[in-house]
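Written out below as structure tokens is the structure these notes cover.
The values are calculated or read from the model by the stated rules, or taken from the named source; none is laboratory data. Quick caveat, the model's predicted, so the values are computed rather than measured. Note: ideal-geometry Cβ built from the backbone for every residue, glycine included; neighbour counts use all protein chains shown. What goes into the accessible areas is simple: the full protein's heavy atoms, side chains included, and nothing from ligands, DNA or RNA. Shrake-Rupley method; radii C 1.70, N 1.55, O 1.52, S 1.80 Å.
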Amino acid sequence: MKDQLEKIKSEALKQIEGSDALEKLNDIRVAYLGKKGELTKVLKSMKDVAPEDRPKVGQMVNEAREAIEAKLEETKARLARKAREEQMKAEVIDVTLPAVKNHVGHSHPNTIALEEVERIFVGMGYEVVEGPEVEYDEYNFTKLNIPANHPAKDEQDTFYINKDIVLRTQTSPVQARIMEQGKLPIRMIAPGRVFRSDEVDATHSPSFHQVEGLVIDKHITFADLKGTLAQFAKEMFGEDTKVKFRPHHFPFTEPSAEVDVSCFKCGGTGCRFCKGSGWIEILGCGMVHPHVLEMCGIDPEEYTGFAFGVGLERIALLKYEIDDMRLLYENDIRFLKQF
Ligand code: DAH
């Protein structure tokens, strides 16, 4: 038995010593220590050994196993080291080759402008909320005082999904959605994408962005609206910016106005940028119509409020002096990088 074990051991060690690849080592491990391996066979034949000799034989088997395992480990480490050295020699790096550069993206001018608008209004205590882009005709029109057959419905060339569902033409439906929730007072802005069936040109796109604003509370007056938008214009376009409110009509506000800011390029004297007028139109606004409040479950005797809607692209184009809206949608990194 002893001789047999010695033979197995020396045979195994010799094979390990002579092996030149990691895979071969594993084969050797299986051949000697595996379930059907040589050494395991000896262990299985223990039942034929006289009981008094068993501890001795057991010890010998263990010694042989330990010796083989130790040799396997040692050889494995040696072979791994050798393989790594060879790899290092083979994989020579040519440091003169041009490097593969990482191209980092860039915030879109719309995103930069929106972050600025949000910063300004959040600073005044507004919450930023969102509404769905695919909207019920009812929210997009009816609840905003634009009933079926109202001529204002024609002005916004609408994409209809079916007769009740549209791609929203404005962010104003978010006003109705928020008012309906019944949590008062309200002070929110709602940025988002809107859709109109317009042809693409330098100032139009079938999909663009607006930022809606809505404030509902007790004792809100037109003075609050004027003060808020004047402050917004100053923070957005510079401290010297003046605002002008021109009477206008929107179905869901009464009275309504369009707001111009003094041209921040020429300061109001007239230039190419403001087409000589000294003023640039930026948004629509007004006091929320009492009927709209009623339709959304708010008592117009107790609460009043104002609303406004800004075109985000318009702000971005003005602020960064971009003269063609199409540039905003092409996403050419050479263009985007400039802002
Ligand atoms: N939704 C209007 C538009 O797309 C803009 C607007 C005007 C929004 C007046 C308002 C508002 O909230 O009070 O033309």
* Report Rg (one decimal) and Dmax (nearest whole number) for segment 78-217, counting Cα atoms only, units Å. => 26.4, 87
* **Sites residue 180 and residue 207, calculated FRET efficiency, Cβ-Cβ separation with R0 30 Å, nearest 0.05** => 0.70
* **Spread of Cα-to-Cα distances over 10 Å intervals beginning at zero, given as percent, for segment 2-90** => 16, 43, 24, 12, 4, 1
* **Rg(Cα) / (2.2 N^0.38 Å) computed for segment 224-339, rounded to two decimals** => 1.27
* Rounded to whole Hz, the Karplus (6.51, -1.76, 1.60) HN-Hα couplings of segment 124-133, x for glycine and proline -> 9, x, 7, 9, 9, 10, 9, x, x, 7
* Sorted from largest down, give the three principal axis spans of the alpha carbons of segment 109-336, whole angstrom values. => 47, 40, 29
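Can you give the accessible area per residue of the chain, in Å², using a 1.4 Å probe?
Numbers: 19640 Å² over 339 residues.
Here the residues of the chain average 58 Å² of exposed surface.
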* Give a quick list of trypsin sites (Lys or Arg not before Pro) in segment 1-95 that DSSP marks as loop, anything other than H, G, I, E or B, with at most 12 other Cβ atoms within 10 Å. => 35, 36
* Asked: What's the angle, to the nearest 10 degrees (0 to 90), between helix 2-18's Cα axis and the longest principal axis of the chain?
  -> 50 degrees
* Expressed as an acute angle from 0 to 90° and rounded to the nearest 10, what is the orientation of the C-alpha long axis of helix 109-123 relative to the principal long axis of the chain? -> 70 degrees
* Sticking with the crude label model, points 7 Å out along Cα→Cβ, report the distance from residue 221 to residue 302 in nm, one decimal please. => 2.2 nm
* **Amide H within-cut-off set for residue 169, under 5 Å, with H built and near neighbours excluded** => 195
* Roll a 1.4 Å probe over the protein heavy atoms and report the accessible area of residue 6 in Å², nearest 10. => 100 Å²
* Structure fact -> With the 8 Å Cα cutoff and a minimum separation of six or more residues, the chain has a relative contact order in percent of 15 percent
* Interchain or long-range residues, amide H under 5 Å from residue 242's placed H -> 262
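At a 10 angstrom cut-off on C-beta neighbours, averaged per residue, how do the peptides 305-314, 153-162 rank from highest to lowest?
Values: 305-314: 22.5, 153-162: 13.1.
Order by mean packing, descending: 305-314, 153-162.
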* Of 124, 1, which has the most accessible area with a 1.4 Å probe, and how do the rest follow in descending order? -> 1, 124
* **Contour excess over end-to-end distance, with Cα ends at residue 115 and residue 21 and 0.36 nm allotted per residue** => 27.8 nm
* Asked: Out of segment 218-275, which GluC sites (Glu not before Pro) are coil in DSSP terms and have no more than 16 other C-beta atoms within 10 Å?
  -> 239
* To do: May I ask you to give the percent of accessible area on segment 82-152 that is carbon plus sulfur, with a probe radius of 1.4 Å?
  => 55 percent
